[in-house]
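Worksheet for the structure shown next.
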Amino acid sequence: MRAIWKGAVSFGLVSIGVKLYSATEEKDIRFHQVHREDGGRIRYKRTCQVCGEEVTYDDIAKGYDIGGGEMVILTDEDFAELPLSSSRAIDVLEFVPAEQVDPILYNKAYFLEPEGTATKPYVLLRDALADSERVAIVKVALRQREQLATLRVREGVLLLNTMLWPDEIRKPDFGFLDEDLKVRPPELAMASSLIDSMAGEFEPDAFTDDYRAALQEVIDAKVEGREVVQPEEVEEAPAAAVDLMAALKASVERARSARGEAPAGGGGEPTPISAARSAQKKAAETKAAKAPARKTAEKKAAPKKAAAKKAAPKKAAEGEKKPAAKKAAAKKTARKTA
């Protein structure tokens, strides 16, 4: 790591020389803008809108737009005269319980390393801060700006967390906050049950950036000239539930099932999931019961059909006998006449 700032922590009459290091880094995959046809990098020029000339960094100043096309230009001398605290000091203002600092205020994190002979007072402040179970509220000037920050202990090192100022936090202004919405006690109890069923210990290493991993796989495949393996499709989120209570019950059952736990209450009121499973099982049993009944009916119908087939030849034979008898009678009559 490379130190980005050097200064001192002012702790009462004690001064502790420290170096400041960025405690975090972004792992996002970065891209360059290139020409689609030939892959050439896209470059941007800093040009003046008034004269059209290209401007170097040395000729660039800070301007504040006051409206109406007017601009106030500030120079380095103007910034140097601002009433900033020493740009090389971290002034401890007070010590407060950590839970009193709203996490929304936190901005960036930095490690502090003792410099030179400041190791002993550094360790003294670190141990005293850890024993107090409090965080130090400090002020520090970084990048020509005064910032509020906290000082706490993490893994044996003093950690500086810069914070946003209270007036930099936006206030939520949404219409539903003015609506008189009532939550029924059973719904609240079921929601609490869902939270309990999904409770656990936070382990950051258990979570991964799946999108970044998939994107890196695509890049590696492009470099190696092999086929890109498509990642598995993420299951779409279910549509908004009409019955909130039923959705909560189903969610509780799913969470418990994922943990390998038995459904709550054993034979209690069925949830939508268990009800659906019971209906499927019942339908299968009914279908299986109907199958033997159909076979029995078919077996009973078979002898009747066979009997009908046997009766048909007898009738045909009787039909054949009648014409033969008529012929014999006619012959007998003819003989008597002769």
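Where a number appears in this text, it was derived from the coordinates with a stated rule and is not lab data. Computed from a prediction, not measured in an experiment: that's the story for all the values here. A quick note on method: Cβ atoms are made from the backbone with ideal geometry, for glycine too, and the neighbour counts reach across all protein chains shown.
For region 1-153, the square roots of the Cα gyration tensor eigenvalues, ordered a ≥ b ≥ c, give a/c of at least 1.5 with a/b greater than b/c, which places it in the prolate category.
For region 1-107, chymotrypsin sites (Phe, Trp or Tyr not before Pro) meeting the loop criterion (DSSP other than H, G, I, E, B) and having at most 15 other Cβ atoms within 10 Å: 31, 44.
Report, in listed order, any pair from 19/108; 45/139; 45/108; 6/45; 27/249; 27/62 with a Cα-Cα distance greater than 27 Å. 45/139; 45/108; 6/45; 27/249; 27/62, as the Cα separations exceed 27 Å there. Using a ≥ b ≥ c from the Cα gyration tensor of region 34-108 (square roots of the eigenvalues), is it rounded, prolate or oblate, where a/c under 1.5 gives rounded and otherwise the larger of a/b and b/c decides, a/b for prolate? Oblate.
For the pair region 1-72 / region 122-143, the C-alpha centres are spaced 29 Å from each other. In terms of its C-alpha gyration tensor, region 165-218 has an oblate overall shape, because the principal axis ratio a/c (a ≥ b ≥ c, square roots of the eigenvalues) is not below 1.5 and a/b does not outweigh b/c.
Annotation note: trypsin sites (Lys or Arg not before Pro) in region 129-191 located in DSSP loop regions with a Cβ neighbour count of at most 13 within 10 Å are 143, 145, 170, 182. Which of the GluC sites (Glu not before Pro) found in region 49-105 are in a DSSP loop and have at most 14 neighbouring Cβ atoms, other than their own, within 10 Å? Within region 49-105, the qualifying GluC sites (Glu not before Pro) (loop, at most 14 other Cβ atoms within 10 Å) are 53, 81.
Fully extending the segment from residue 173 to residue 245 would add 23.1 nm, taking 0.36 nm per residue of separation and subtracting the current Cα-Cα distance. For region 8-46, backbone nitrogen atoms closer than 17 Å to the point 7 Å from residue 223 Cα along Cα-to-C-beta are found at 27-32.
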